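The block underneath contains the structure these notes are about, expressed in structure tokens.
A short reminder: the numbers here are calculations on the coordinates, not readings from a lab. Keep in mind it's a predicted model, so treat the numbers as computed, not measured. Positions of Cβ are generated from backbone atoms using ideal geometry, with glycine treated the same way; all protein chains shown enter the neighbour counts.
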Amino acid sequence: MAVLTRRSLLRSSIALGAAGTLSHPYLANAAAKTATAWWVQGFAQEEDVAFKAIVADYEKASGNAVEYSIIPYAPLRQKIVSAITSGVVPDLFQNNPVEILALFAWQDKLVDVGDIVESQKPHYTETALSTAYCYNSVEKRRAYYGVPYTSAVRPNHIWRPLVEKAGYSMEDLPRTWDAFYDFFKEVQKKLRAKGERKIYALGFQMNTTGNDCNALFDYFLIAYGGDGIVTPDGKLHLDDPKIRDAAIKAMTYPTTAYKEGFVPPGAINWNDADDNNAFHAKQIVMDLDGTISTEVAIAHNEQDYHDIVTMGLALTNDGKPVASQAPSLCGLIPKGAKNVEVAKDFLKFLIQPAVLNEYLKTGLGRNIPCMPQIVQDDPWWLDPNDPHRGPYIKQGLFGPTIATFWTFNPAYAQVQNEHVWPTAWADITTGGMTPQAAAEKAFKRVEEIFAKYPIAQG
């Protein structure tokens, strides 16, 4: 049985667009115009194909044009920052990285797109709406400065054959947080005893660059009870002993696992792709990483595709569900854009459920819809013959989720830009500091950053 019929999915999706079966946009009553868009290059080629098909559908339906550039992640990030700094901007880009949504909203650099969000507001998850609802320090108010169209969470990715080679089964996995990850340490020990000298238990991203290390810390922080570190009013709560204790625990577990040899030594120098590469090479038994890009990348290899288990989060140590942070990719329109009208019209077209469904399916489902009804109306998303989409959807769309902390205050985006928490990990793993001392140093820096981002109440 084919696991993910990439070619047939592409043919069918593009054919749907060519046949005109996709919904039509809410067209602007104006002469045809052109908008410029910068879009991040997909992890899989199919994602780029999907975007091109959606643009073609929009142009055919509206008479407007979208001149787009598809750009790799890192260069696009630099290009966006340069454009915002210079004021020479395109009409549309994504929040790449995701937290620039909050930072640019704070700086009054984005157009309020609340009218676009309102067109589909009943379909969105509350977490997606929260993500896009950011504070403008100039206007002293919150508004929708992004149009969400996807959601993403971090599931566990596990090589079942490695677990079984160690003499265990997937049913042996504990269900609480520390015990869950401790289990893989035992798997490593058993594999090493069988001569597998280069396999490590855990793919923790212990580096101080990129996004994965920041997200990994937040997931551990939340699991240990620190989900209230920043509340929706934008206030920091590092004065709460519960939050401080959670942060110290989030400092301790990953760094202890690293120092004890259960994480690859090179993880302190990884980039955001290196844990994926290590997992594909079967150098790590499991990885806690965003989306199902790990699986999509090897969908052509049916055996490996079925040998990987995608699993949601373990419970807290006292047996309660752990909420997944679920950021959304959003369309942003910068102030200074020359054709706001067409940019808005294209986003309004994109987030129609029928259109968005085809777009994300053609992209192989690596990103999931932030509209539950899309999944409920299309059995493809929960196809029991696919071992990955179902667990991922259940975690990210139907399980407990929360917005990222920078949604509530862009200070946390700056915390991530400075990699304050991963730097504390480095202070422990390579600098010889204790988790308590490293945490106290990080607390001080976080408080300094938040002092620069006061949010008016009321």
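Key figures for this structure:
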| item | result |
| --- | --- |
| Per-residue ³J(HN,Hα) for the range 238-249, Karplus 6.51 cos²θ - 1.76 cosθ + 1.60, θ = phi - 60°, Hz, x for Gly and Pro | 6, 7, 8, x, 5, 5, 4, 4, 4, 5, 5, 5 |
| Antiparallel DSSP beta bridges within the chain, as percent of all bridges there, nearest 5 | 55 |
| Mean-position separation - Cα centroids, the range 326-350 and the range 200-220, in angstrom | 31 |
| ³J(HN,Hα) computed for each position of the range 414-430 - Karplus, 6.51 cos²θ - 1.76 cosθ + 1.60, integer Hz, glycine/proline x | 5, 4, 6, 4, 7, 6, 4, 5, x, 5, 5, 4, 5, 4, 7, 6, 10 |
| Candidate lysines for bridging to Lys198, where Cα separation is under 24 Å - those fewer than 8 sequence places away on the same chain excluded | Lys165, Lys185, Lys189, Lys190, Lys259, Lys282 |
| Kirkwood Rh, Cα atoms: Rg over Rh of the range 145-242 | 1.08 |
| Amide N of the range 168-184 lying under 16 Å from the label point, which is placed 7 angstrom from the Cα of Lys242 along Cα→Cβ | none |
| Trypsin sites (Lys or Arg not before Pro) lying in DSSP loop within the range 127-228, provided at most 13 other Cβ fall within 10 Å | Lys140, Arg175, Lys194, Arg197, Lys198 |
| Semi-axes of the equivalent ellipsoid for the range 234-302, Cα gyration tensor, largest first, Å | 31, 17, 10 |
| Largest-first principal axis extents, alpha carbons of the range 51-133, Å | 34, 31, 20 |
| Spatial separation of Cα centroids for the range 258-300 and the range 391-458, in angstrom | 22 |
| Binned Cα-Cα distances of the range 341-458, short to long, each 10 Å bin given as a whole percent | 11, 25, 21, 25, 16, 1 |
| Distant alpha-carbon pairs in the chain (separation over 41 angstrom), percent | 17 |
| Peptide ranges 49-55, 224-230 listed from the most packed, as the mean C-beta count within 10 angstrom indicates | 224-230, 49-55 |
| Above-threshold pairs, the threshold being 29 Å between Cα atoms, out of Lys249/Lys320; Lys140/Lys320; Lys52/Lys344; Lys338/Lys394; Lys235/Lys394 | Lys140/Lys320; Lys338/Lys394; Lys235/Lys394 |
| Hz values of 3J(HN,Hα) by residue in the range 124-137 - Karplus curve (6.51, -1.76, 1.60), Gly and Pro given as x | 6, 6, 4, 5, 5, 5, 4, 4, 8, 9, 10, 9, 9, 6 |
| Nearest-20 debye value, the chain charge dipole, Cβ charges on Lys, Arg, Asp, Glu | 420 |
| Positive dipole terminus of the chain, leading residue within Gln45, Thr430, Ser324 (C-beta point charges) | Thr430 |
